[in-house]
Amino acid sequence: MLPQVSFVIPLYNESEVLPKLVERINKLMDTLPMSVEVVLVDDGSRDNTAELIQQLSLTDKRYHAVLLARNYGHQLALSAGLSSARGTEAIMVIDGDLQDPPELLPDFYDLYKKGYDVVYAVRKKRKEGFFKKMAYHAFYRILKSISYIDIPLDSGDFSLISRRVVDVLNKMPEESRYIRGMRTWIGFKQIGFEYERDSRAAGDSKYSFKKLLKLAHNGIFNFSEFPIKLISNLGLFAILVSLVYLVNTLVQKYIYHNVPQGFTALLFAIILFSGVQLISLGIIGEYVLRIFFQVKGRPLYIIKKKIIEAEVVD
Ligand code: UDP
Ligand code: MG
């Protein structure tokens, strides 16, 4: 019998929190009315996370282990978990560090039963540093204002997603994945659920600044045409300004007989527009880069080993 609901949890160097996570989920599972499995994905950890989840999955049949061949990053680890999850009704996506309380499953499940395909968690409060909070706050608002889909504010990957939506996600071949955006793009009935985000139960953030920046880029360049449109508009604006300037110069020369001056202004204009051109090239490059990686058609990730119901598969 397949479970009704799957937890999918990507883990990267999380051996410190893992025992706490398992304890919380075990306690929760005893109280749940539906059958549940837990898919733990090791994203090429350098500590002993992989060994720990292998042991667990061999001794407790409710836990499964998916080991990736290297560190592919959170979004791809999550994708690997989603395609391995067997839950027939819905899949609950949470982080491994207990910032997303697994105990919200019954509340999310109620909404799922009421006909919502996606129940996404919305952070009311974040227990994180001031700078990080401000950066997140600004990013989500910028993304919302320039995106062609209506990505909900202050919500991450923490969500309960119906089987039919997960099936669509699994079929989407996008290489640069921004799952919260893809989830929104799919549609059906979606609803937010407010909660207070805890701080990490143990260890440090596994999202380096570089990884966070990559995620933000994927959000913007995969779900917005704004940067490209901005370039065209800037170009138009520059042409308009230069025409006005040209007319002004001609008037000065032929009517007032002033010789045009302003070496500094000339230099300024050249430097300014060289910068604008370089940035424009970079923006186009972001889109080209995405085409480049996509056309290669490489698999999104490689699974090294998979243990389902205490048996090694594949
Ligand atoms: N994670 C992952 N691969 C990575 C980085 C992070 O699978 O390369 C996992 C990590 O173990 C955690 C989740 O993604 O379960 C969210 O990461 P983290 O809590 O470090 O991010 P933050 O909450 O600081 O943004
Ligand atoms: Mg975290």
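The values are calculated or read from the model by the stated rules, or taken from the named source; none is laboratory data. Note that the structure is a prediction, hence the values are computed from the model and not measured. For neighbour counting, all protein chains shown are included, and Cβ atoms are generated from backbone atoms with ideal geometry for every residue, glycine included.
In the range 38-92, how many residues are over 26 Å from F209 (Cβ atoms), in a helix (DSSP H, G or I), without any contact (Cβ under 8 Å) to a residue 40 or more places away in the chain and among the hydrophobic types (A, V, I, L, M, F, W, C)?
2
Working only within the range 95-120, note down all residues that are more than 13 Å from ligand 2 (Cβ to nearest atom) and under 27 Å from F221 (Cα atoms). Break it down stepwise before answering.
Residues of the range 95-120 that are more than 13 Å from ligand 2 (Cβ to nearest atom), as a first pass: 102-120.
Those that are more than 13 Å from ligand 2 (Cβ to nearest atom) and under 27 Å from F221 (Cα atoms): D117, V118, V119, Y120.
Tell me which of these I220 doesn't satisfy, since it passes every other one: (1) exposed (fewer than 11 other Cβ atoms within 10 Å of the Cβ); (2) of a type in the set (V, I, T); (3) closer than 30 Å to D167 by Cβ.
Among (1) exposed (fewer than 11 other Cβ atoms within 10 Å of the Cβ); (2) of a type in the set (V, I, T); (3) closer than 30 Å to D167 by Cβ, I220 violates only (1).
Pairs please, first residue from the range 99-112 and touching a residue at least 12 places away in the same chain (Cβ under 8 Å) and over 12 Å from M29 (Cα atoms), second anywhere and within 13 Å of ligand 1 (Cβ to nearest atom) and outside any loop (DSSP other than H, G, I, E, B), Cβ atoms under 6 Å, 6+ apart in sequence or on different chains.
Q99/R197
Taking the criterion of being at pLDDT 90 or above and outside any helix (DSSP H, G or I), would at least one residue in the range 195-217 satisfy it?
yes
Out of (1) within 23 Å of F293 (Cα to Cα); (2) surrounded by fewer than 16 Cβ atoms within 10 Å (Cβ to Cβ), the odd one out for S147 is which?
(2)
Hey, R164 hits all of (1) surrounded by fewer than 16 Cβ atoms within 10 Å (Cβ to Cβ); (2) within 13 Å of ligand 1 (Cβ to nearest atom); (3) not aliphatic (A, V, I, L, M) but one; which does it fall short on?
R164 satisfies all of (1) surrounded by fewer than 16 Cβ atoms within 10 Å (Cβ to Cβ); (2) within 13 Å of ligand 1 (Cβ to nearest atom); (3) not aliphatic (A, V, I, L, M) except (2).
Name, by its number, the condition in (1) in contact (Cβ under 8 Å) with a residue 60 or more places away in the chain; (2) surrounded by 15 or more Cβ atoms within 10 Å (Cβ to Cβ) that does not hold for I231.
Single failed check for I231: (1).
Can you tell me which residue within the range 93-104, out of those that are within 13 Å of ligand 1 (Cβ to nearest atom) and assigned to a loop (DSSP other than H, G, I, E, B), is surrounded by the most Cβ atoms within 10 Å (Cβ to Cβ)?
Among them, the one singled out is G96.
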